[in-house]
Amino acid sequence: MGIFGRRIDIKDATKTTYSDEDLRKLDLNYRNEFQIDREKRIYTPFRKEMPRAWQSQIRDMAFEKILDDHIFSFRHLLVIPNPYGASVQTAMLLFNTPKEYRVRYRILGKSEGTDFVGETCMTTRHRVPVLGLYKGYTNRLILELIDGDGEVYQRRDLRIYTRDIPLGQQNIVTKVEHSDASCFPFILVNGLRFKPVVFDQNGEVRYSLQIKTDQTGMIPLENGRFLYVDATVNRVGSNRQKRACQYHEMDYMGRVYQTYLLDYPIGRYAAQKEDSLFLLTSSAEGYADDCIIELDRSSGEIRKKCMLEALIGDKYKTNGNWIVASGMRYVQGQLILTMRRYHTVISIDWEKQSVNWVLAPESIWRETVLEDKLLVSDSQDCMDGYMPESPDIYVQEDGHLRIRLYCIQNKGNVPAEGAVSDDDSRIDFYEIDPEKHTFHKRRSVAVVKSQRDAGCVYRDQEDRILSLSGMLMRRTENLRACIEELDGQTGRMINRLRLCKRYRSAWIFTPDIEAYSIPLKHDLNAIKGSLEPPERYTGQLPEPVPEKLKKKIFGNIRVSDTLFLFAFAAGSVSRVYLIGEKHSYVQEFSNLASKRRKESFCMTLDQLELDEYQVYVEVDNQIYHLKNEIRVERSQKEK
């Protein structure tokens, strides 16, 4: 029955399904909406590739046109599987109603406690984003129309079949130990060597993402969004390895809100404050994660930069990778950074660029600039949690911070006085009083021994801990990582998923269904930031060889907005030249370490001088001429 015991069941309801080909035909109607009238225009016969941020907007325009036509109703609705081409375990439902309603759907789980529920906002134009579908399975959904009084007006059943997911995202959970209903029913796992997936309490995959990425994968943000590393656009890093330079701000449906072009390395952790993103990057070539930048989300420009050496001193600055951050959060005007190597949690006042307090063993920061910032125990306890990972933080009404800290419990490379490596890891519960500059250790709970990539989530009302061990210390072929739900007082194991693959991070899967049901705005400036242009070339190229350059050596050539993209195996191509009548440029690739697999690299075109450029590729000291050219011309508006 409905919420108030009254409803109208719709029988013999039908549906229509659109294929990928149907959607691509609709998309063609809106491509001209994304002709940006810049000072310079780029023309080329090379294949054009629409940036993902624009693809998402085009797809939403197509959906809005379908709703404009008032073809589909609640009785006969339109089902679009994988609407944004990013996840086969998503779908979009489109239909109109004569009055405003909310839509609530429930995907019936295979067992108790595994139903997935989503609810949209009040409207007559319904775009219902569906997540939580089983893979390779005919899913049964219950749909309800809910009026302004919260009463169920109509209800119907719907079945949606989803195809299977890639093999690399299957069979990751090797054993499920389940004794009670979970307080954490859906957990997103950001894999080390597999793309992100969501597990329910039975270890079933209920969501997966199929966009190519690197080992960083997802970085969670606010409001059901995340930062995703696009591994199809790379530059040459300082360590002779490829480095991703394109990051998408996305939601779990696969929509890209904004794309950031960043010409500097980004660490695994990010924090968000409204229109600001806080990212870990390097202070100079050869260093890692020793600088925090504030990125303006509306422009992609750096607002502020903070060198960690200026805050913590240079006592431990012995090599490039000297910080080893393991977590970062923005909480009430402060950035809380966890530094695993130094057994330290540090609070940074971002506006003042100063340190508020430090939670760490006293011996680590003795006789340093942080000595007077150390928190003092209010009960003679010492801080003896070693190698802390990403913390779970809760702010109380009185301003106190409650921090649940997953500690590896290894003495590490920078041991504190008296530190020893334990047989177990543990989760420590701290309460911090920033005003009194004190901490109180409430309790510790022993957990399975981890080596790295760990974290925890705590639910106070149920007194349950979610222990996330991305890399176990004692590993076997079928057990490399695990997810455990524990009693918050005793540490008794309630539920456990055993995984045969390592993961980088994990968190509670909380998509914002209501936000996903609202179409994206038409934004031609959804691509933020810029990349360094290729170097000017003043030399004389040798005569190119007459042979054609094979695609297996240098292929997948395309132009995406202002980026010239191509793929080759690192070590095979030395340089790419753009030779014009008056201007010439070269992009260096000779310092890449050799790899067998082809990867995609890029050159930026928006800062080239006006000219017509021939493209040459240097392979094994031989020059090959590509048949297509790239023209950079003045825009029609400028003419």
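The values are calculated or read from the model by the stated rules, or taken from the named source; none is laboratory data. This one's a predicted model, so the numbers in the text were calculated from it and none came from an experiment. Every residue, glycine as well, gets a Cβ built from its backbone with ideal geometry; the counts of neighbours run over all protein chains shown. Heavy atoms of the whole protein, side chains included, go into the accessibility calculation; ligands, DNA and RNA do not. Shrake-Rupley method; radii C 1.70, N 1.55, O 1.52, S 1.80 Å.
What pairs in Lys548/Lys595; Lys40/Lys598; Lys411/Lys441 have C-alpha atoms more than 25 Å from each other?
Where the Cα-Cα span goes over 25 Å, the pairs concerned are Lys40/Lys598.
Report, please, the projected area of region 261-364 averaged over directions, based on the convex hull of its C-alpha atoms, in nm².
Taking a quarter of the hull surface, the average projection is 6.5 nm².
Amide H to amide H, which residues 5 or more places from Lys40 or on other chains are under 5 Å from it, using H placed in the peptide plane?
Ser635
Can you list residues from other chains, or at least 5 along the same chain, whose modelled amide H is less than 5 Å from the amide H of Gln215?
So Gln215 has HN proximity to no qualifying residue.
Excluding Val198 itself, calculate the net charge of residues whose Cβ lies under 10 Å from the Cβ of Val198, where each Lys or Arg counts +1 and each Asp or Glu counts -1.
Computed value for this residue: -1.
With Cα extents along the principal axes in Å as the read-out, I listed (1) 78, 62, 50; (2) 77, 72, 47; (3) 107, 63, 40; which label goes with the value calculated from this structure?
Here Cα extents along the principal axes in Å agrees with entry (2).
Ignoring ligands, DNA and RNA, what percent of the accessible area of region 178-269 is carbon or sulfur (1.4 Å)?
On region 178-269, the fraction of accessible area on carbon and sulfur atoms equals 44 percent.
Can you work out the Karplus-derived ³J(HN,Hα) for every residue in region 343-358? Use 6.51 cos²θ - 1.76 cosθ + 1.60 with θ = phi - 60°, whole Hz, and x for glycine or proline.
Working through the residues one at a time gives 6, 10, 10, 10, 9, 10, 6, 5, 5, 8, 6, 9, 8, 7, 7, 9 Hz.
Over every pair of different alpha-carbon atoms in region 196-326, take the mean of 1/r and invert it; report that Kirkwood radius in Å.
Roughly 16.0 Å, rounded to one decimal.
Starting from the coordinates of the alpha-carbon atoms of region 583-639, obtain the Kirkwood hydrodynamic radius over all distinct pairs and give the value in Å to one decimal.
One decimal place: 14.0 Å for the Kirkwood radius.
Accessible area per residue, 1.4 Å probe, Å², for the chain: what's the number?
On a per-residue basis, the chain sits at 45 Å².
Heavy atoms only, probe 1.4 Å: what % of the accessible area of region 401-506 goes to carbon and sulfur, would you let me know?
The value for region 401-506 is 40 percent carbon and sulfur by accessible area.
If we count every other residue with Cβ under 9 angstrom of Pro361's Cβ, Lys/Arg +1 and Asp/Glu -1, where does the sum land?
Surrounding charge for Pro361 is -3.
Note down the relative contact order for region 442-529 as a percent, whole number, built from C-alpha pairs under 8 angstrom at least six residues apart.
Once divided by the residue count of region 442-529, the mean separation gives 23 percent.
In deg cm²/dmol, rounded to 500, what helix-only [θ] at 222 nm does the chain give when every DSSP H run of at least 4 residues adds -39500 (n - 2.57) and the total is split over its residues?
For the chain, the value works out to -1500 deg cm²/dmol.
Structure shown: which of Lys273/Lys449; Lys15/Lys65; Lys317/Lys449 lie over 26 Å apart, alpha-carbon to alpha-carbon?
With Cα atoms farther than 26 Å apart: Lys273/Lys449; Lys317/Lys449.
Given H placed 1.01 Å from N in the peptide plane, which residues other than close sequence neighbours of Tyr269 have an amide H under 5 Å from its amide H?
Leu280
For the chain, what is the relative contact order in percent, using Cα pairs closer than 8 Å and at least 6 residues apart in sequence?
Over the chain, the number comes to 13 percent.
List the trypsin sites (Lys or Arg not before Pro) within region 440-504 that DSSP assigns to loop and that have no more than 15 neighbouring Cβ atoms inside 10 Å.
Those satisfying the criteria are Arg474, Arg475, Arg492.
Residue by residue through region 585-596, what is 3J(HN,Hα) from phi via Karplus (6.51 cos²θ - 1.76 cosθ + 1.60, θ = phi - 60°)? Round to whole Hz and write x for glycine and proline.
9, 9, 10, 8, 10, 5, 8, 6, 5, 5, 9, 7
Which value, in debye to the nearest 20, gives the size of the charge dipole of the chain about its Cα centre, when Lys and Arg are +1 and Asp and Glu are -1 at the Cβ?
Around 2420 debye, computed over the chain.
Short version: ³J(HN,Hα) in whole Hz for each residue of region 517-528, in order, from phi by Karplus 6.51 cos²θ - 1.76 cosθ + 1.60 (θ = phi - 60°), x for Gly and Pro, what are they?
Once θ is set to phi - 60°, the couplings for region 517-528 become 7, 9, x, 5, 7, 6, 9, 6, 9, 6, 9, 10 Hz.
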